[in-house]
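Q: Before I ask anything, here is the structure I am working with.
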Amino acid sequence: QNQHDDHGLLTNTLKLPYRGQEHPDFTSRYDEKETMDLLKQGNAGGGYCQAWYGRRFFKRVKVDEQPKPHFGLGLECYVQWSSPIRRFSDLQAHAAVKRFLRRKQINRLIQTGQPIPHELQYTDIGCALPVSVNDKHHDHDDIDHDDIDHDDIDIDQDDIKNIKYCLAQDKSYDAINYNEGLAFANAARFVQNPSNQYWLFEYVRRKVQNNAEESAFECVVLGCVNPSRLQYAIYVYEIGFEHKYLSEMGSLKIGQTIWLKVDSISPRNGLLKFTLSSKGGGVAARLTSKL
């Protein structure tokens, strides 16, 4: 890709990894859409049930350099810019913006005849740097671009406004491959997800271990995932965690609040099992009743 325009300036286009999500196809899943609407109208579980049920309609997010709408977020365009863990794709977006701003500044220096900082490297702007030449000591048409060294050019302060620039013969562009970054992120999830689960379970284990009284967790029933086993999806408010629970009291209502305690837990093995807790017992239950 040629990174120089017809006016001797660096071509400067900002390309970012836009994350888009297409609108769900509700027409072919009318019955499920009707169920989701009923959950929404009834505000089951304070909206948690409808949000959990609605995930089945969402399509996979696609990354593209062209802005696309994101249905799940309700935005016309969306770029993941930063997070506490600094994903590889975040760093790519940061690099793209930095390169854009540096090339913009370099073009301004070219237009005004100002010197370009020698500290800048190819990787800083994604292409070869223009070479500054003093008209007083060099003939612009006879310059061998590959043999010019910034440090060997003696520029008088009186000529600082009259610097001319020669574009490098190497006009290739080091484009940022966002698909490569996405592939790295997908591969990292195989490590990230178990790690997140481990520390979440470890928090629960320590909480239970350090409390002399029963540690009760308030949960909302999201939906039934296996009717034959009375297995339900639940959301544990305190830790913001979705889990599966085998009911010990028969059928449960969608949106119902239940209090559970830890029956067994092993962070290293990824195991967490809940059992019924006394509704009025436990530290969490008493704190909630006082609010």
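Q: Please note which strands (runs of 3 or more DSSP E) are completely contained in the range 180-251 and include at least 1 residues that are open to solvent by 30 Å² or more (accessible area, probe 1.4 Å) and among the charged types (D, E, K, R).
A: 217-226, 241-246
Q: I would also like to ask the following. Looking at 20, 45, which is the one that is touching a residue at least 24 places away in the same chain (Cβ under 8 Å) and on the phi > 0 side of the Ramachandran plot?
A: On the way: 20 fails: on the phi > 0 side of the Ramachandran plot.
None of the others qualify; the one that does is 45.
Q: A further question on this structure: Quick check, is residue 20 modelled with pLDDT of 90 or more and over 29 Å from the mean Cα position of the chain (by Cα)? Spell out how you get there, then give the answer.
A: Values: modelled with pLDDT of 90 or more: yes; over 29 Å from the mean Cα position of the chain (by Cα): no.
Answer is no for this residue.
Q: Looking only at the range 42-71, which residues are open to solvent by 80 Å² or more (accessible area, probe 1.4 Å) and out of contact with any helix residue (DSSP H, G or I) (no Cβ under 9 Å at 6 or more places or on another chain)?
A: The answer is 48, 55, 58, 59, 60, 62, 66, 68, 69.
Q: Can you tell which of 261, 253 is charged (D, E, K, R) and either touching a Gly at 6+ places or on another chain (Cβ under 9 Å) or farther than 26 Å from residue 45 by Cα (or both)?
A: Working: 253 fails: either touching a Gly at 6+ places or on another chain (Cβ under 9 Å) or farther than 26 Å from residue 45 by Cα (or both).
Residue meeting the stated conditions: 261.
Q: Could we say that residue 80 is under 22 Å from residue 181 (Cα atoms) and polar (S, T, N, Q) here?
A: yes
Q: Moving to a separate point now. Only one of (1) in a loop (DSSP other than H, G, I, E, B); (2) under 30 Å from residue 258 (Cβ atoms); (3) not basic (Lys, Arg) is not met by residue 46, so which one is it?
A: The number of the failed condition is (1).
Q: From the list 109, 101, 75, which one is open to solvent by less than 30 Å² (accessible area, probe 1.4 Å), free of Cβ contacts under 8 Å to residues at least 12 places away in the same chain and either of a type in the set (A, V, I, L, M) or more than 30 Å from residue 241 (Cβ to Cβ) (or both)?
A: The match here is 109.
The values are calculated or read from the model by the stated rules, or taken from the named source; none is laboratory data. Because the structure is predicted, anything quoted here is derived from the model rather than measured. We place every Cβ from the backbone using ideal geometry, glycine too, and count neighbours over all the protein chains shown. Protein only, heavy atoms only, side chains kept; ligands, DNA and RNA dropped before computing areas. Shrake-Rupley method; radii C 1.70, N 1.55, O 1.52, S 1.80 Å.
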